[in-house]
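The block underneath contains the structure these notes are about, expressed in structure tokens.
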Number of protein chains: 2
Amino acid sequence: MQATTEATQAAAYTPTDRTVPTRSADRASYDKELVHAILDEGYVCHLGFVRDGAPVVLPTLYGRVGERLYIHGSTGSRPLRMTGQADPGLPVCLTVTHVDGLVLARSAFHHSINYRSVVVHGVAHEVTDPEERRTALDALVDHVVPGRAADSRPANKKELAATAVIRLDLDEVSAKVRTGGANDDPEDLSLPHWAGVVPLRKGYDAPVPDAGLTPGIELPDYLAARGTGLAAPMSGI
Amino acid sequence: MQATTEATQAAAYTPTDRTVPTRSADRASYDKELVHAILDEGYVCHLGFVRDGAPVVLPTLYGRVGERLYIHGSTGSRPLRMTGQADPGLPVCLTVTHVDGLVLARSAFHHSINYRSVVVHGVAHEVTDPEERRTALDALVDHVVPGRAADSRPANKKELAATAVIRLDLDEVSAKVRTGGANDDPEDLSLPHWAGVVPLRKGYDAPVPDAGLTPGIELPDYLAARGTGLAAPMSGI
């Protein structure tokens, strides 16, 4: 068995100087299963790169295939253009965060949020192999709605020519998770302030069909579950 | 009237090379009211900075006071330490994104999401003035739950000493918004694939009181609305 294969099959990423936090190290994890779960639940990542010496952070869709993340965009967009020009690749930092709850402590100082985040450091490379590009584009569509790539018209030649795909390997990766309640100091516990957690999660309204949808096309099964998430109007926050 | 006052009162930020997108320029906006609304609705921003020549993107809480954003953290955390050391400040890019819907087109190529994002470029400075620090810390707590700063124990001397506050002025700022349905090409409209939008939004469960909460402390009014967001269990996505 080769070293690379072993690394792929390991259950955890190897911590590095960049992935060991200076604070709250107990919240850090390198568990691949946890990292994958956090990544797969997100819709948008925040992609950081350096342009003219300054940081740029842009939200963008992504897809995962095993230990590879894929991002796509117009061949004219800045990060994708920079990746194509860059050899040997563009240093990036890709972050995905879920906010799970608002943590209200008795003291202002201990207010916090419950969250799960993944930070990936690495070098992004443009994907030029046609087959890997197809796989990546399918993964990007299936990341938004699993099963959707097979139920849509695949990209044609012109669309493929206009689309750049970049890859970022999951190698230098960490997750960070905060759960639980308020961590007030013992001497604050009797203060007359409410303390606790307000849980937060994603909600889905019923899918809205396109006005020009051909009559007779039913809502696909892979979308049906998304319409039942919210039975009541949301509060205004 | 001074120039700075005029700039503060203008209804829009002045576009710069960095805030004019290379793609989908029609989605960009510099309207201050829109930018403020997007910022105020978020819980977590993604803060990008450059360390050892490479980009770093970390999720963090933030607060807004007029045209200033504040971030806080332990004096030992990396970006805050770097800001304190850096003179004249640390170049950062701060991004806030809301995902509002999944856009399913008949073609894989036109799949998209509806979103609202704000990208702020600038130089972060450490805040040392005690009064501005207090204002910033209140804003950070009130950003999570409006009205909460007044209903919690303010930071004491020791906590203040352990907390670094940095400021980023809203100056070089843009918003980007996508709304609406699928933008399929005319020749794809008759394809046998469902097309439309799955709306997405934040949901709140009922607040969970701390196990050690002093009996008799009721749920504050400013939290009551947050418990009514979800009347039914969410679907598993």
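Brief remarks on what is shown
- Residue, nearest to the chain's Cα centre (by Cα), within the range B:41-91, restricted to residues that are without any contact (Cβ under 8 Å) to a residue 12 or more places away in the chain and within 16 Å of A:VAL56 (Cα to Cα): B:VAL57
- Flag for B:VAL35 being assigned to a helix (DSSP H, G or I) and touching a strand residue (DSSP E or B) at 6+ places or on another chain (Cβ under 9 Å): yes
- Restricting attention to the range B:162-211, the residues that are among the hydrophobic types (A, V, I, L, M, F, W, C), over 26 Å from the mean Cα position of the chain (by Cα) and surrounded by fewer than 20 Cβ atoms within 10 Å (Cβ to Cβ) total 3.
- Strands (runs of 3 or more DSSP E) enclosed by the range B:134-231 - at least 3 residues per element that are free of Cβ contacts under 8 Å to residues at least 40 places away in the same chain and facing chain A (nearest Cβ under 7 Å): B:196-204
- Single condition B:THR75 does not satisfy, out of (1) surrounded by fewer than 20 Cβ atoms within 10 Å (Cβ to Cβ); (2) of a type in the set (Ser, Thr, Tyr); (3) at the interface with chain A (Cβ under 8 Å from one of its Cβ atoms): (3)
- Condition met for A:VAL118 (more than 7 Å from chain B (Cβ to nearest Cβ), crowded, with 19+ Cβ neighbours inside 10 Å and β-branched (Val, Ile, Thr)): yes
- Qualifying residue in the range B:29-40 (condition: within 14 Å of chain A (Cβ to nearest Cβ), at pLDDT 85 or above and more than 16 Å from the chain's Cα centre (by Cα)): no
- Qualifying residue in the range B:96-110 (condition: modelled with pLDDT of 95 or more, of a type in the set (Ser, Thr, Tyr) and more than 21 Å from A:LEU58 (Cβ to Cβ)): yes
- Beta carbons closer than 6 Å, at least 6 apart along the sequence or on distinct chains, pair a first residue in the range B:92-111 that is facing chain A (nearest Cβ under 7 Å) and under 30 Å from B:ILE166 (Cβ atoms) with a second that is small (Gly, Ala, Ser) and part of a strand (DSSP E or B) for B:VAL92/B:ALA124; B:CYS93/B:GLY48; B:THR97/B:SER117.
- Within the range A:107-127, not a single residue is among the charged types (D, E, K, R) and outside any strand (DSSP E or B).
- Within the range A:150-170, the set of residues being in contact with a strand residue (DSSP E or B) (Cβ under 6 Å, 6 or more places away or on another chain) and of a type in the set (D, E, K, R) comprises A:ARG153, A:ARG167, A:ASP169.
- For the range B:48-82, residues that are in a loop (DSSP other than H, G, I, E, B) and closer than 19 Å to B:HIS36 by Cα total 4.
- Residue check for A:VAL99: touching a Phe, Trp or Tyr at 6+ places or on another chain (Cβ under 6 Å), β-branched (Val, Ile, Thr) and assigned to a strand (DSSP E or B): yes
- Residue match in the range B:147-157 (condition: hydrophobic (A, V, I, L, M, F, W, C) and surrounded by fewer than 17 Cβ atoms within 10 Å (Cβ to Cβ)): yes
The values are calculated or read from the model by the stated rules, or taken from the named source; none is laboratory data. None of the values given here were measured: they were computed from a predicted structure. Cβ coordinates were reconstructed from backbone atoms using ideal geometry, including for glycine residues, and neighbour counts include every protein chain displayed.
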